[in-house]
Amino acid sequence: MIIAIDNTDEESLHEIAAAVMKAKRKIAPNARETIVIGDERSLPHKVLQLLENKEVDDE
């Protein structure tokens, strides 16, 4: 699942991220999560980096 949220401030994004993490822990505690906060130019690179690091961890 990928969720994109825009047109808000950074403080609100962090509150939303915290709520998502809390819900994930309650509903699916064994599931993995990756939350990336950044501008639209840096996000594709940040997501790719995180996914590459996850694949290395999975091996």
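The values are calculated or read from the model by the stated rules, or taken from the named source; none is laboratory data. Please read all numbers here as calculations on a predicted model, not as lab measurements. For accessibility, only protein heavy atoms count, side chains too; no ligands or nucleic acids. Shrake-Rupley method; radii C 1.70, N 1.55, O 1.52, S 1.80 Å.
Quick look at the numbers
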| read-out | value |
| --- | --- |
| Cα-based radius of gyration of the chain once divided by 2.2 N^0.38 Å, which approximates compact folds | 1.23 |
| The chain, accessible surface, carbon-and-sulfur percent (1.4 angstrom probe) | 54 |
